Amino acid sequence: MREQIDALAKNLGFDLIGFAKAGIDRKNITAYKKWLRKGFNAKMSYLSGKEKIEKRAEMEKILTGSKSVIVLGMNYFRPQKPLKKGFGRIARYAFGRDYHKIIWKKLAEFEEFIQKIGKENFPNKQIETKSYIDTGPILERAFAVEAGLGVIGKNSSLITKEFGSWVFLAEIITNLDLCATPQKTSKPLNKAPFSACGKCERCIHACPTKAIIAPGVIDARKCIAYLTIENKGEISEKYARKIAQTKRIFGCDICQEVCPHNFSRQKPTTHQELIKPEIAGDQIELKKILKIKNDEELLQLFAGSALMRAKKTGLVRNARVIKESF
């Protein structure tokens, strides 16, 4: 079954696949709870709450009888052109169509296939599956490490041997035990493929707002990605100055751009659906954003793009912050 699943992952366009048992190490839950207690999730309330924490701790609360987690990765790296004057930089992941829309479609086909081969192998068993793309109560990077896809860097990103940290992650939880007998075609279980950061702290020093407060620990309240996307309020003058200096209008890639693991591993994505059509691109003219009057006009410009996440108020706020630096 794992051989068949490996083949399907490749056919659907996933670059990486690994398998992990549906049980999270308690150290990950302990670290997550500590992170929440310190308020490092900022105003992202969807990350907290007793029920959501319990689901992250116990897969049974997400899928009854869960046995395995299939972890999938897709390379999204794309080189960026020099930033033009009067423009704001957009994070690489938001270049084209929202990746959630693309990967959800693939996962629907994936789940259908698992149901099919599950029934073929276990005709009397009710096959259950549940999918996520960084949208549900699952510590996906922890499972990615367990599945052998990579290691966690000091910037808290999953760093893969094949593509560095420029990887979208998705997971399928199932009640099939796919970890009982490892196959040669799959990534090794519970084994990191290469060493992590050592003494390197480039990401920590490069972060303009000092959001990486300890190796692997991000304070979202200081993070430019949070401040320009998830944050619904105003940006304090202290951080607005940093955003203006970096010209980051939507998201931030700085801690990935300086990572030595990425220097030799980043490869332009071969997935055309991630870059065509080009909706947001790698930069956008501030005047264009400042002219947007309402969310309807935003939709006309960026329908299907991840930029819709920030809404009109967020993008205009960011553009004003950057414009003041020119």
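The values are calculated or read from the model by the stated rules, or taken from the named source; none is laboratory data. Keep in mind that what you see is a predicted model, and the values were worked out from it rather than measured. Glycine gets a Cβ as well: all are built from the backbone with ideal geometry, and neighbour counts include every protein chain shown.
I'm checking my understanding of the structure. Among residues of region 51-74 that are assigned to a loop (DSSP other than H, G, I, E, B) and in contact with a helix residue (DSSP H, G or I) (Cβ under 6 Å, 6 or more places away or on another chain), which one is modelled with the highest pLDDT? By that ranking, first place goes to 66.
The residues in region 266-278 that are more than 24 Å from residue 11 (Cβ to Cβ) and buried (at least 20 other Cβ atoms within 10 Å of the Cβ) can be counted, and the count is 1.
Looking only at helices (runs of 4 or more DSSP H) that lie completely in region 232-326, which have at least 3 residues being among the charged types (D, E, K, R) and over 26 Å from residue 160 (Cα atoms)? Working first, answer last.
Numbers: elements: 237-246, 254-257, 260-265, 286-290, 295-302, 311-323.
Per the criteria, 237-246, 295-302, 311-323.
Among residues of region 78-95 that are in the same structural domain as residue 273 (by TED's automatic domain parsing) and without any contact (Cβ under 8 Å) to a residue 40 or more places away in the chain, none has a beta-carbon under 9 Å from a residue that is of a type in the set (Ser, Thr, Tyr) and buried (at least 18 other Cβ atoms within 10 Å of the Cβ) at least six positions away or on a different chain. The criterion of being assigned to a loop (DSSP other than H, G, I, E, B), touching a Ser or Thr at 6+ places or on another chain (Cβ under 9 Å) and not aromatic (Phe, Trp, Tyr) does not hold for residue 89.
Quick one: which residue in 77, 110 is under 24 Å from residue 144 (Cα atoms), in a loop (DSSP other than H, G, I, E, B) and touching a strand residue (DSSP E or B) at 6+ places or on another chain (Cβ under 9 Å)? Outline the logic, then answer.
On the way: 110 fails: in a loop (DSSP other than H, G, I, E, B).
On inspection, the qualifying residue turns out to be 77.
Of all residues in region 1-37, those being loosely packed, with under 12 Cβ neighbours inside 10 Å and part of a loop (DSSP other than H, G, I, E, B) number 0. Of all residues in region 113-124, those that are without any contact (Cβ under 8 Å) to a residue 40 or more places away in the chain and either under 23 Å from residue 54 (Cα atoms) or assigned to a loop (DSSP other than H, G, I, E, B) (or both) total 2.
Confirm whether residue 245 is within 19 Å of the chain's Cα centre (by Cα), surrounded by fewer than 20 Cβ atoms within 10 Å (Cβ to Cβ) and of a type in the set (S, T, N, Q). Give the derivation first.
Details: within 19 Å of the chain's Cα centre (by Cα): no; surrounded by fewer than 20 Cβ atoms within 10 Å (Cβ to Cβ): yes; of a type in the set (S, T, N, Q): yes.
When the stated conditions are applied, residue 245 does not pass them.
Remark: pairs (first residue in region 274-293, on the phi > 0 side of the Ramachandran plot; second residue surrounded by 12 or more Cβ atoms within 10 Å (Cβ to Cβ); Cβ separation under 8 Å; 6+ apart in sequence or on different chains) = 281/90; 281/95.
Considering only region 204-231, state which residues are of a type in the set (Asp, Glu) and in a loop (DSSP other than H, G, I, E, B). 219 - this is the single residue of region 204-231 that is of a type in the set (Asp, Glu) and in a loop (DSSP other than H, G, I, E, B).
In the condition set (1) touching a helix residue (DSSP H, G or I) at 6+ places or on another chain (Cβ under 9 Å); (2) modelled with pLDDT of 95 or more, residue 283 is compliant with all but (1). Residues that are of a type in the set (A, V, I, L, M) and at pLDDT below 60 were ranked within region 186-218; the one that is nearest to residue 256 (Cα to Cα) is 192.
If the condition is being hydrophobic (A, V, I, L, M, F, W, C) and closer than 21 Å to residue 201 by Cβ, then region 235-285 contributes 252, 254, 255, 258, 259, 263.
Quick one: is residue 138 outside any helix (DSSP H, G or I) and of a type in the set (A, V, I, L, M)?
Values: outside any helix (DSSP H, G or I): yes; of a type in the set (A, V, I, L, M): yes.
Considered against the rule, which asks whether it is outside any helix (DSSP H, G or I) and of a type in the set (A, V, I, L, M), residue 138 comes out as yes.
Taking (1) part of a helix (DSSP H, G or I); (2) within 17 Å of the chain's Cα centre (by Cα) in turn, residue 154 satisfies each apart from (1). For residue 92, state whether it is buried (at least 20 other Cβ atoms within 10 Å of the Cβ), closer than 30 Å to residue 263 by Cβ and in contact with an Asp or Glu (Cβ under 7 Å, 6 or more places away or on another chain). Spelling it out, residue 92 is indeed buried (at least 20 other Cβ atoms within 10 Å of the Cβ), closer than 30 Å to residue 263 by Cβ and in contact with an Asp or Glu (Cβ under 7 Å, 6 or more places away or on another chain). A search for C-beta distances below 6 Å between a residue of region 48-59 that is in the same structural domain as residue 31 (by TED's automatic domain parsing) and closer than 12 Å to residue 136 by Cα and any residue that is surrounded by 17 or more Cβ atoms within 10 Å (Cβ to Cβ) and of a type in the set (Ser, Thr, Tyr), counting only pairs 6+ apart in sequence or on different chains, returns 59/66.
So which of 73, 65 is touching a residue at least 12 places away in the same chain (Cβ under 8 Å) and more than 15 Å from residue 139 (Cα to Cα)?
Every option except 65 fails the conditions.
Contact annotation: no residue pair with Cβ atoms under 6 Å, 6 or more positions apart or on different chains, pairs a residue in region 227-239 that is closer than 13 Å to residue 41 by Cα with a partner that is of a type in the set (Asp, Glu) and crowded, with 20+ Cβ neighbours inside 10 Å.
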